[in-house]
Amino acid sequence: MTGRRGAENPDTESLSLLRRAAAIRDEWLAHGLSTEPADRPAAEAAISALYRLVDRPPPRFVWADSPGSALYPGSPLRRAEPTLAYLNAPDAVKGADPPVHVRLADLWSGMRSRLDRAVALRLRTPQGAPRPPATLPAVPPERALRDGVGIGAMIDVTVRHSLTVSLRDAVRAPLLTEFAACSPRPLADAFRGQHDAFQVGPYDAWNRLGLASYPAWAQGLLDLWSATARSCGWWWPGEEVCVVAERTAALHSEPMPDAVHGEVRLHHDGGPAVLYRDGWGAHVLNGARVPAWVLTNPTPERIAAEANVEVRRAAIERIGWDAYIDAAGLSLVAAAPDPGNPGSELRLYDMPESPVAVPGARTGPGPTGRVLVVVNGSLERDGTRRRYGLPVPGSLDDPVDAAGWTYGLSRDVYARLARRT
Amino acid sequence: MSTDTPATAPTLADLTARTGLTVLDHLERGAAVPVLDGLQAQGDLLIVPLHLVADEVALSGGAAGSGPRWTPVPAEGLELLRSAAGGNPHTLAAAPGTCRWTPDVHDRHRLALGVLAATAPAYLLHPEHGGSGLAPGTYAVRRQREAALRHAWRDDRARWSPGESRLVAD
């Protein structure tokens, strides 16, 4: 018996709105992930218009192949640096005539407050309707609609949340980290061009779906910022000179696990997952930024010296758990036959803490972790069985207990496993 | 001759022909898929008879306390979970009218994808892991978890932290 009571089907109007919202989101995602060369005339026109709106004449444009070129002596950005006063003195003196980047930031936030006000009406939970759960982004949209979640909240997760996860968290964040890691000193804020698409895209969606309209001045500004997101990479506005970076030249992504709104993350195990035309970029494995050595030359010594456990884990998987355990001499806590997987063993190892001291860390040493090395129940193409490690709580001493824990089962229940494939 | 209960369990080849689903060709297609009433694992999924986890997994109400919403499992199968890269689904398949599925469950460990109830043998198929046969009964399908890492404040060094976990996606 299905569908008789309670389970109302979402109305076709809501479904159609949601489909159109997803299509607009995908347009903006494509701009954010674009590897086309920058549309220089479009970018220069939009940025010039923004300068005029803050009472500054259009700047001279200096193009750079990547944000990373800010870091090389003699690069276009370094050569232009003397004209970008704020790069040298990031804290503007109070009361002084604000520099152009501050004026632009004010323009941007003024626009956003007005657009947010127009959108807020649509985001309000209708009277009597249930408040959307915090887990809404993970709920399949048709089910959420059927459960009575308002269309406004659904469009918000479909467009804004999804673009934020994909472009801000998955793409921009590792690039910012890479940038900060290479930079000898902090560089002041840039605007992010294509990587700002997660901010302008949602306003565009509300407007194009006919659910929000904006005053002409705010719409005009949105069009200009949108034009930068559609045409270039990061840009640094200075007095008289604006440095603009190219878009990414190559980008490798994969769907985020369990995503229901088209979220993506970076992943490439054959080189940088995101690469600019001058070779600057970031290595990312399954969404985790890693140093280049993890791909090019992972060794047990480097793994032992690595402070970040995520990076260590990615490196271990590159060389394989067996090879790593042998080479690193991890101590075996216990081994036991794997129930339901004849001929295979469950092996529980102590995972050593990294010996590297981290300056400024506020916590003491954490509990020692353990790793359970398990063997797949089915064969790989080459006839071998894949072995892999699963981190488990350090409080578990028994391999069968640890295997049970991974499925939320007690040792005794897991021991009844009849068959593993 | 009963047509309901085959004298021998179907092979992977029989199941892929019946459902139109495919498995990778290095798996032994001629091998019978045993139909079992106990606990089975298929990669990162676990199929557990509901009574074994009755203290932890319970059917819950859908909207407006109307009870769990059951979906009949169609002939072409019902996808329960896909891999991290978006492929390789675990698909539930059964003869039409013999199996139903609901995602409306509460699991104390938040690992259950849902519960299936079968009145005839049902099968879980996966391109890389092959097939698992389920005897008539009610089962919870659970995902696998691993201990997660916690990042200390202003600390680039992630630490093992018991009590926190994340789901495995292979």
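The values are calculated or read from the model by the stated rules, or taken from the named source; none is laboratory data. In this text, all values refer to a predicted model and were calculated from it rather than measured experimentally. All Cβ positions, glycine included, derive from the backbone under ideal geometry; neighbour counts span all protein chains shown.
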Checking the structure you have, find out if any residue of the range B:93-106 is over 21 Å from B:Leu59 (Cβ atoms), among the polar types (S, T, N, Q), at the interface with chain A (Cβ under 10 Å from one of its Cβ atoms) and in contact (Cβ under 8 Å) with a residue 40 or more places away in the chain. no
Neighbours by Cβ (under 9 Å, 6+ apart or cross-chain): first from the range A:199-226, farther than 21 Å from A:Gly152 by Cα; second in a helix (DSSP H, G or I) and of a type in the set (Val, Ile, Thr): A:Leu224/A:Ile47; A:Trp225/A:Val200; A:Ser226/A:Val200
Extreme residue, farthest from the chain's Cα centre (by Cα), among residues of the range B:30-55 that are facing another protein chain (nearest Cβ under 7 Å) and assigned to a loop (DSSP other than H, G, I, E, B): B:Pro34
Residues of the range B:26-69 satisfying the condition of being within 15 Å of B:Tyr139 (Cα to Cα) and either among the charged types (D, E, K, R) or at pLDDT below 75 (or both): B:Asp37, B:Asp55, B:Glu56
Of the residues in the range A:21-64 that are among the basic types (Lys, Arg) and crowded, with 16+ Cβ neighbours inside 10 Å, the one that is farthest from A:Gly262 (Cα to Cα) is A:Arg56
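Let's see how each residue does on (1) of a type outside the set (A, V, I, L, M); (2) modelled with pLDDT under 85:
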residue: B:His126; (1), (2): yes, no
residue: B:His129; (1), (2): yes, no
residue: B:Gly133; (1), (2): yes, no
residue: B:Ala140; (1), (2): no, no
residue: B:Gln144; (1), (2): yes, no
residue: B:Leu149; (1), (2): no, yes
residue: B:Ala152; (1), (2): no, yes
residue: B:Ala158; (1), (2): no, yes
residue: B:Gly163; (1), (2): yes, yes
How many residues are crowded, with 24+ Cβ neighbours inside 10 Å, part of a strand (DSSP E or B) and of a type in the set (A, V, I, L, M, F, W, C) if we restrict to the range A:273-291? 4
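So that you can scan it fast, the table gives a plain yes or no per residue for (1) more than 12 Å from chain B (Cβ to nearest Cβ); (2) at pLDDT 85 or above; (3) exposed (fewer than 15 other Cβ atoms within 10 Å of the Cβ); (4) under 30 Å from B:Val141 (Cα atoms):
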| site | (1), (2), (3), (4) |
| --- | --- |
| A:Tyr349 | yes, yes, no, yes |
| A:Pro355 | no, no, yes, no |
| A:Gly364 | no, no, yes, no |
| A:Ala403 | no, yes, no, yes |
Are any of the residues in the range A:27-36 under 27 Å from A:Trp280 (Cβ atoms), part of a loop (DSSP other than H, G, I, E, B) and touching a Cys at 6+ places or on another chain (Cβ under 9 Å)? no
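Every residue, every condition in (1) free of Cβ contacts under 8 Å to residues at least 24 places away in the same chain; (2) touching a His at 6+ places or on another chain (Cβ under 8 Å); (3) part of a loop (DSSP other than H, G, I, E, B), yes or no:
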| site | (1), (2), (3) |
| --- | --- |
| B:Pro74 | yes, no, yes |
| B:Glu79 | yes, yes, no |
| B:Arg110 | yes, no, yes |
| B:Glu128 | no, no, yes |
| B:Gly133 | no, no, no |
| B:Ala147 | yes, no, no |
Being over 30 Å from A:Pro57 (Cα atoms) and modelled with pLDDT under 90 is the filter; apply it to the range A:238-268 and report the residue that is surrounded by the fewest Cβ atoms within 10 Å (Cβ to Cβ). A:Asp258
Quick check: is even one residue across the range B:89-107 assigned to a loop (DSSP other than H, G, I, E, B) and crowded, with 22+ Cβ neighbours inside 10 Å? no
Looking only at the range A:385-401, filter to residues that are closer than 22 Å to A:Ala314 by Cβ and in contact (Cβ under 8 Å) with a residue 60 or more places away in the chain; which one of those is nearest to the other protein chains (Cβ to nearest Cβ)? A:Pro391
Take A:Trp225 and tell me if it is assigned to a helix (DSSP H, G or I) and farther than 20 Å from A:Ala38 by Cα. no
Can you tell me which residue is farthest from the other protein chains (Cβ to nearest Cβ) among those in the range A:243-272 that are within 19 Å of A:Cys232 (Cα to Cα) and assigned to a loop (DSSP other than H, G, I, E, B)? A:Glu246
